[in-house]
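The structure appears right after this line, and notes come after that.
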Amino acid sequence: MQANAQQTEKIYLSGTGNDDTKTWEFYCTGGMNANKWTTINVPSCWELQGFGKYDYGFAKDSVRGKEKGLYKYRFNIPSSYKGKKINIVFEGVMTDADVKINGKPAGAIHQGAFYAFKYDITRLLKYGKENLLEVTVSKQSSNTSVNAAEREGDFWIFGGIFRPVWLEVLPQDHIEHVAIDAKADGMFNAQLAVKGIDKISVQLFDASGEKFGDAVSVVANDSFVNVKTQFNQPLLWTSETPHLYKAVFTAYKDDKPVHIVEQKFGFRTVEVKYRDGIYVNGVKVKMKGVNRHSFRPESGRTMSKQNSIEDVLLMKDMNMNAVRMSHYPPDDHFLDVCDSLGLFVMDELTGWHHFYDTPTGTKLLKEMTEHDVNHPSIIIWSNGNEGGHNTNLDSLFTIFDIQRRPVIHPWQLFGGFDTQHYREYNYGIGNYENGNDIIMPTEFLHGQFDGGHGAGLEDYWEEMWHNPLSAGGFLWDFADNAVVRKDLHDSLDTDKDRAADGILGPHHEKEGSYYTIKEVWSPVYFERRIITPAFDGNFNIENRYHFTNINQCSFSWALKNFDTTISKEQTGTAISPDIKPNEKGVLHIQLPQDWNKYDVLYVTAKDAFQREIFTWSFPISTPGTIAARLVTTESNDSIQVTEQDSVLQVKIKDITIAFNSNNGLLLSVENAKGKLPLNNGPVVQQGVNDFKGFKHYFDGKKLVFESIFDRKESYNTLKWTVYPSGWIKMEVNYFPLEYFTDFDGVNFSFPENEIKSVKYMGDGPYRVWKNRMKGTRFDVWNKAYNNTETGEWPWVYPEFKGYYANFYEGHFFTKSNNSFIVAAETENLFLRLFTPAWKTDQWHNYEPIFPSGDISFMNAISSIGTKTQRNVTTGPMGEKNIFYDYEKDPSRALHLSLYFNFSAE
């Protein structure tokens, strides 16, 4: 650092975020706690501090709200600051800000909520004395275009000084602004706005603090200085390798250093190739992105750097590489974190179906680009959203941005990009496979409730990954925006279903889609592999990174056994194969000789920063293997059978079972602890319940109770086998009623208010849908009952009710302290636990379908739609199940084989 040169001083008048605030005087003119002087924390949204009125953008009175906030804050300025230039900086105020210093206007009223602005207040200050800052904030702008662009959108509308306020102290001769363009080839171009400066020098430093290259000096002849030079072999910034450098600019006056400015940046090149794709550093990239609001329930849009770190880490954990700012520029610290941790960013000028007038939009666009220009994470600008595009501003992005990054119009065909929102999987004429434009939906798979996000993503992503014209897309959206209502006893409000669109709950509770996204978007892609006795430890994998070789990742494995009588687990590591981006190869795991004695193999991949990419599970044991371990058939106990009035009653040990002797259905079960409320099954779902011609007989010590097969009258068959040990086997062979079915399987009745918990072996702990199968892990899961409705209070996850994949066996516990066991012999079964509560959308797209009955064992399950799409339009996995057997050939029937143990022992 040059001696005697001043760095820009930053003196906060407010706190730095929601975790660090200062108390200002405050007066609100309407709503809660109005018409009295009191105090408020700054920065904040005043609704979250108990003032004003809560408004969601669609609310009719949201644009009529006339409340204003009057702020006062007193601060001292040292006498030593005389002779310096002092700006007051506001990073964000909703919506119009009228600023006064010591009773005098600091400048014109600022209009527009999400943009940093400043005033030179040097001449208004009293040095060595106390100064008074007064800010009148109007929640409703006097500019109708600002209200239309910002306050009528599909998101919460707040008021207040919601981002930090500070003083910027500069020497009289200084650097006012720096804009950097650093290309992947090492070309460095910096444009500086200066005042009273003779010369500028710049020295680069790498992440370790070492000098990078030689210092460069340029003579300053006027208020604008351009520094242009070449650096050799810089480390490049990407979302996978977020290498940052620091440029230290020293300003000289009369050969004396007077001002120093430090600016972080990254070397990288962004290029859009027409009818081809987006290239970063010469590599075509695809966005694995999400839309993100700046939001926390307790503080609204007032955030902290810690919040930004939390959000980006969660995105990275889901293997995302991109984020869209919806629908406004974010806090500066969010972009800092995207720079340092690595996310591609689409930065957006506000506009939701409406846009700023040209003079206002020009001013706000300039403020946005000046504030954000040096962040390497920003690779795309967005001019508004869904029709909120002022086309007069498009050319200004290029003028204001030294890097000339591409500009898009979300929801429109513009700039060579087709960004249509919520497009169906097989969409239209001239799109997708048949189109010519780069396809990048800036919103897709709307995540209202439990639809979208993970549901349909695998189909979409496989199409996007293999389509050369696809540049990926951005899911809607990151987290449920539930705000704490100070006027409603601190309850959480999502404005009904409007803001319940997240992959995460309002406090970052993880829905099932979180893990589906994590697996589907894993940059290490595992080809499907079924473990057989011939398994050689090899897995076919694909490198879906853009810039990283798989040999930069690390792999570990674990063998686990659920049989407690033998060793439970072995672990080890595997050598990472040399597989370049977009290439395929083999991961070899050197397993111990007795690997096949275990039940499951887990493989974990970690990235170059030792963050878990995903853990895959590969069952070794089949359901039949586990069932054989659990089920005993031999015993010296005898079976007693009586038949009366179409009821076949069977007693064995402490169990009494009643069957309907005409149709074979289970009527009742009782053991030593009392009645078990499982009954009325098996009922074939979406098929004919034509079990007929039952007979019972003893085969040795076991009792057999079975129907007859008739191709016309009773082509579905049911067989019960009661063993002297107390175990009971159920075998069902059935044919679905139709060619296309929503689901296939059998149901039992069980009162929901009687269930306490289920401990099962299978995929979990999250439920699945036909079009959201990934993201689970094979293990033993203990699930206590809850009645969670996804996206609503109390946001308890995982949900209890729904479908669970790869069911092996389960222990069902009742509230009356009774229980029973079910073990599957059939592979690929689904367990269905009751019917979740659900709400639909205005188009009736989100309507999950469940079988009748309460507990089901299924060969096939239903898919789920989204707010904007029916399930069948989310891709092939969203379509109905297909089964065909015209001849009712018994060898082709769907088969279910289950064991039940109803004993209280």
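Just so it is clear, none of the values below were taken in a lab; they were calculated from the coordinates. Note that the coordinates shown come from a computational prediction; the quantities given were computed from them, not determined experimentally. Here the Cβ is made from the backbone with ideal geometry for all residues, glycine too, and neighbour counts use every protein chain on show.
The table that follows gives values for the structure above.
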| item | result |
| --- | --- |
| C-alpha center-to-center spacing [the range 392-415, the range 296-345] in angstrom | 22 Å |
| Ratio of the Cα radius of gyration of the chain to 2.2 N^0.38 Å, where N counts its residues | 1.11 |
| From the C-alpha gyration tensor of the range 809-905, square roots of 5λ in Å | 30, 23, 9 |
| Footprinting exposure proxy for 367, 738, 634 (fewest neighbouring C-beta atoms within 10 Å first) | 634, 738, 367 |
| Cubic angstrom per residue, convex hull over Cα atoms of the range 6-170 | 108 Å³ |
| Stokes-Einstein D for the range 524-619, Kirkwood Rh over Cα pairs, 10 °C, 1.306 mPa s (µm²/s) | 114 µm²/s |
| Rounded to whole Hz, the Karplus (6.51, -1.76, 1.60) HN-Hα couplings of the range 198-205, x for glycine and proline | 8, 8, 10, 10, 9, 10, 8, 10 |
| Segment residue 667-residue 58, extension gain: residue separation times 0.36 nm, minus the distance between their alpha carbons | 214.0 nm |
| Label point at residue 784 placed 7 Å out along Cα→Cβ; residues across the range 731-765 whose backbone nitrogen lies under 13 Å | 756-758 |
| Principal-axis tilt of helix 358-372 within the chain, Cα atoms, nearest 10 degrees | 80 degrees |
| Karplus (6.51, -1.76, 1.60) ³J(HN,Hα), θ = phi - 60°, over the range 264-280, in Hz, Gly and Pro reported as x | 7, 7, x, 7, 6, 10, 10, 9, 9, 9, 3, 6, 9, x, 9, 10, 10 |
| Over the chain: helical MRE at 222 nm, DSSP H runs n ≥ 4 each giving -39500 (n - 2.57), nearest 500 | -2500 deg cm²/dmol |
| Whole-number D in µm²/s for the range 274-520 (Stokes-Einstein; Kirkwood sum over Cα pairs; 4 °C, 1.567 mPa s) | 71 µm²/s |
| Rounded FRET efficiency, nearest 0.05, which uses the C-beta distance separating residue 817 from residue 617 and R0 of 41 Å | 0.80 |
| If the convex hull is drawn through the Cα atoms of the range 630-733, its volume per residue in Å³ | 112 Å³ |
| The range 750-886: proportion of alpha-carbon pairs further apart than 26 angstrom, % | 23 percent |
| Nearest-0.05 FRET efficiency for residue 569 and residue 695, computed from C-beta distance (R0 45 Å) | 0.40 |
| The range 238-367 - convex hull of alpha carbons, volume per residue in Å³ | 191 Å³ |
| Proportion of all alpha-carbon pairs of the range 443-491 beyond 13 Å (%) | 65 percent |
| Centroid-to-centroid separation of the range 570-626 and the range 501-567 [C-alpha atoms, Å] | 8 Å |
| Anisotropy class of the range 480-557 from Cα gyration tensor, a/c 1.5 cut | prolate |
| Rounded tilt (10° steps) of 457-466 against the dominant C-alpha axis of the chain | 60 degrees |
| Of 518/770; 68/100; 273/774; 288/510, pairs whose Cα-Cα distance is over 26 Å | 273/774 |
| Nearest-0.05 FRET efficiency for residue 507 and residue 132, computed from C-beta distance (R0 35 Å) | 0.35 |
| Fewest-first sequence of 404, 528, 292, 544 by Cβ atoms within 10 Å of each Cβ | 528, 404, 544, 292 |
| Exposure proxy order (Cβ contacts within 10 Å, fewest to most) of 720, 793, 616 | 793, 616, 720 |
| Note, ³J(HN,Hα) from phi for the range 727-734, Karplus 6.51, -1.76, 1.60, rounded to Hz, x at Gly and Pro | 6, 10, 9, 10, 10, 10, 10, 8 |
| Amide proton proximity set for residue 809, modelled H, under 5 Å, gap of 5+ | 761, 824 |
| Cα-based helix-to-principal-axis angle, 305-317 vs the chain, degrees rounded to 10 | 40 degrees |
| Between the range 417-482 and the range 834-905, the alpha-carbon center distance in angstrom | 25 Å |
| Cut-off 13 Å between beta-carbons: net charge of the residues surrounding residue 101, Lys and Arg +1, Asp and Glu -1 | +4 |
| Exceeding the 26 Å Cα-Cα cut-off - candidates 84/253; 228/316; 651/888; 126/246 | 228/316; 651/888; 126/246 |
| Residue 39 versus residue 675: modelled label distance in nm, points set 7 Å from Cα along the beta carbon direction | 6.4 nm |
